[in-house]
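The values are calculated or read from the model by the stated rules, or taken from the named source; none is laboratory data. No experiment lies behind these values; they were computed from the predicted model shown. We place every Cβ from the backbone using ideal geometry, glycine too, and count neighbours over all the protein chains shown.
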Amino acid sequence: MSKRHLFVFDFDQTIIDLDSEFAMVEKYAPDLYKEYNGDLCVKDHWIEFNNYIYTRIVQNGYTYEDVIKFFHSLKLSPNMEELFDYIRKNKEKYEVIIITGNNEQVVNIVLSSHKIRDCFDHILCNKSIRDKKNIFKITSVNEKYEHCEVDRPFLCKSLFFEDFIKDKIDKYDKIFYAGDGTNDFCLSKKLGKNDVIFPRVNYSLYKILFEKDGKKEIKAEIIPWNNGKDICEYIKKY
């Protein structure tokens with residue numbers, strides 16, 4: 001049996017079209033922008049800050065159910081349905097995972113709402129619960145992943161990825177990676193010359209690669225994308 005390809009996806013601004021945390025703040029707690037002078041990318045304790053966001057949402061008069069309803073409303077990036085339809089029809093070729101600093105409840109709700117949960121073999125992300133005060137609460141999947149050297153407040157995807165793949169690297173013929181953000185650059189540097197990175201055009205990862213010469217640190221092939229169809233057409237070659 002031939003080796004499968006490993007397809008790794010980011011979640012926010014990759015599978016879904018926006019950043020779910022920031023969109024939620026705009027909808028339910030816009031006063032936080034004033035409190036933090038318009039910059040919500042705090043430099044430390046991102047999980048604690050996320051939990052503070054959920055607390056403020058409840059203080060603003062919204063409920064746990066409102067938050068869940070919001071998760072159900074999140075839309076996929078353009079033409080992602082076409083990409084996942086192709087992956088589903090050719091699943092024998094792919095093992096598909098998500099690595100994200102978002103939490104399991106958001107990810108599972110979105111994937112189930114769009115009927116694409118079956119496309120994914122593993123979701124590597126933070127945990128979430130409904131606490132006794134009826135507030136959505138995030139907990140770290142593992143403290144060692146909490147801070148990325150490239151993009152400090154966020155989850156270190158390269159450490160997460162290395163732990164996932166360390167006993168499996170020989171299983172895969174090629175690794176595809178689709179992402180958009182600064183901490184996606186951290187993982188991108190770990191990929192080899194046989195692999196492929198899909199940076200979303202005009203987002204942070206793309207700008208690092210093409211406007212700040214970050215591609216000099218990359219061994220993998222780089223294929224920019226605007227929508228899911230761009231990725232789909234490329235992977236059909238393999």
Counted residues, the stretch 1-40 - those being closer than 18 Å to residue 116 by Cα and either at pLDDT below 90 or among the charged types (D, E, K, R) (or both): 3
The lone exception for residue 237 - which of (1) farther than 16 Å from residue 87 by Cα; (2) in a loop (DSSP other than H, G, I, E, B) it fails: (1)
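Considering only residues that are of a type in the set (Lys, Arg) and touching a His at 6+ places or on another chain (Cβ under 7 Å), which ones fall in the stretch 76-101?
Here is the first cut: in the stretch 76-101, the residues of a type in the set (Lys, Arg) are 88-89, 91, 93.
Answer for the stretch 76-101, where residues must be of a type in the set (Lys, Arg) and touching a His at 6+ places or on another chain (Cβ under 7 Å): just 93.
Consider the stretch 184-199. How many of its residues are outside any helix (DSSP H, G or I) and among the aromatic types (Phe, Trp, Tyr)?
The initial filter retains those residues of the stretch 184-199 that are outside any helix (DSSP H, G or I), namely 189-199.
Imposing the further condition that a residue be among the aromatic types (Phe, Trp, Tyr) reduces the set to 198.
Of the residues in the stretch 184-199, 1 are outside any helix (DSSP H, G or I) and among the aromatic types (Phe, Trp, Tyr).
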Residue in the stretch 177-196 that is in contact (Cβ under 8 Å) with a residue 24 or more places away in the chain, surrounded by 22 or more Cβ atoms within 10 Å (Cβ to Cβ) and β-branched (Val, Ile, Thr) present: no
